[in-house]
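Below is one structure, written out as structure tokens, with a few remarks after it.
The values are calculated or read from the model by the stated rules, or taken from the named source; none is laboratory data. Just so it is clear, the structure is predicted and the values come from calculations on it, not from any experiment. When we count neighbours, we look across all protein chains shown, and the Cβ atoms used for this are built from the backbone with ideal geometry, even at glycine. Just so you know, the surface numbers come from the protein's heavy atoms only, side chains and all, with ligands and any DNA or RNA stripped out. Shrake-Rupley method; radii C 1.70, N 1.55, O 1.52, S 1.80 Å.
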Amino acid sequence: MPDGSLAPYAVSERNSRGRRIAEDPPAGRGEFQRDRDRIVHSTAFRRLEYKTQVFVNHEGDLFRTRLTHSIEVAQITRSIARALNLNEDLAEAVALAHDLGHTPFGHAGQEALNECMKPFGGFEHNLQSLRIVDLLEERYAEFDGLNLMYETREGILKHCSPAHARTLGELGRRFIDKRRPSLEGQLANFCDEIAYNNHDLDDGLRSGLITLEQLDEVELFARERARVCERHPRLAGRRLIHETIRRMINRMALDLIETTSANIAEQRIESLAQVGEAPALVAYGEGLREPLQALKVFLRENLYRHYQVLRMTEKARRIIRDLFSAFQSDPRLLPPQYQAKAKDDAPRAIADYVAGMTDRYAIREHRRLFAVGEIH
Ligand code: MG
């Protein structure tokens, strides 16, 4: 893949730290394209289709799932990466992989599993994403995991506690030394937020849990809605919402491109090494920070803490806790391949099994273990 069009501070095949296990170079595509392709073909990626973003998979066919969320994140990340002359393939790979380690039932599932795993080193979904691409995928003859490029793995591991960082060798060192990941990694993280802040609003409106009237108080939405109404005074319903939200996404993306370019110029960044040492370069301008914060607060108070969402969240927690404690009290209840893994480290094998479940698989497994009258 020709690296000629990339900015000097972008990750390229030339400045990359490569793969943990050396492989022959790919034919007809670049190394980072190969990473993206491996992620798309992985089992963990397909499972994202049936995992919750906010609404549990069976609540409606049109709500975002982790899969459609990841595709939206990849789309936004790729567009901005291209505008900044960054490595689009790397940015896309990180975006597609960023949620691979998520448990069923979104954040409720992650929190419940983390509580169960507290005495055994805890559970972090970011670290689990890395564990999937480094270890858990079983697809290749010569290695466990997907053997991804260093910078793809670095981008996936966006947060990490200092205790875990110490166990991760070179990849963990940046958290201890407080260095930044590549611009592509930083960007994917911001685009994750752009995607969910906007699509959660859309899903919230679609579900009826939040209303258009409530959004008059949210500057980001109200401003773009006013612009749409000025241009299309009779527009209403879904088209009005869509026209408003697409403008919000555009505003955030353009702001990110402009502010990030200005930061790169101001800090005189000319190499990948300088990106690691510099302050965070991917950022929003001053004007967007407060309105964005207000949007997040709005979503937290009105959607994520809506009583109907909380009811489902509480059920989800209970399912995860029940599954974990049933397997913990008797690992023989695990499917055979996990029983074998449980011999070395039972809690971690259970966490891997539970985290890998889709929403509906977890619900079914719970029924199989706890409902009298259910068979296997
Ligand atoms: Mg995400």
Subject >> Matching option when the condition is of a type in the set (A, V, I, L, M) and loosely packed, with under 14 Cβ neighbours inside 10 Å, among ALA188, ALA163 >> reply: ALA163
Original post:
Restricted to segment 192-227, and to residues that are among the small types (Gly, Ala, Ser) and not in a loop (DSSP other than H, G, I, E, B), which residue is farthest from the ligand (Cβ to nearest atom)?
Top reply: ALA226
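Each row is one residue, and each column tells you yes or no for (1) closer than 30 Å to PRO8 by Cβ; (2) assigned by TED's automatic domain parsing to the domain that holds PRO8; (3) without any contact (Cβ under 8 Å) to a residue 40 or more places away in the chain; (4) more than 22 Å from the chain's Cα centre (by Cα).
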| position | (1), (2), (3), (4) |
| --- | --- |
| ARG234 | no, yes, yes, yes |
| GLY237 | no, yes, yes, yes |
| LEU240 | no, yes, yes, yes |
| ILE249 | yes, yes, no, no |
| ALA253 | yes, yes, no, no |
| ILE264 | yes, yes, no, yes |
| LEU272 | yes, yes, no, yes |
| VAL282 | yes, yes, no, no |
| GLY285 | yes, yes, yes, yes |
Original post:
Within segment 27-38, is there a residue that is in contact with a Phe, Trp or Tyr (Cβ under 8 Å, 6 or more places away or on another chain) and of a type outside the set (D, E, K, R)?
Top reply: no
Original post:
Given the conditions (1) on the phi < 0 side of the Ramachandran plot; (2) in a loop (DSSP other than H, G, I, E, B); (3) open to solvent by 20 Å² or more (accessible area, probe 1.4 Å); (4) in contact (Cβ under 8 Å) with a residue 60 or more places away in the chain, and given that LEU146 satisfies all but one, which numbered condition is not satisfied?
Top reply: (3)
Subject >> Evaluation of CYS160 against (1) in a helix (DSSP H, G or I); (2) away from the ligand (no atom under 15 Å from the Cβ) (one fails), failing number >> reply: (1)
Original post:
Among the residues of segment 332-353, is there at least one that is open to solvent by less than 50 Å² (accessible area, probe 1.4 Å), in a helix (DSSP H, G or I), out of contact with any Lys or Arg (no Cβ under 9 Å at 6 or more places or on another chain) and at pLDDT below 95?
Top reply: yes
**OP:** Please find, within segment 67-121, the residue that is surrounded by the most Cβ atoms within 10 Å (Cβ to Cβ) out of those that are within 14 Å of the ligand (Cβ to nearest atom) and outside any helix (DSSP H, G or I).
**Re:** LEU100
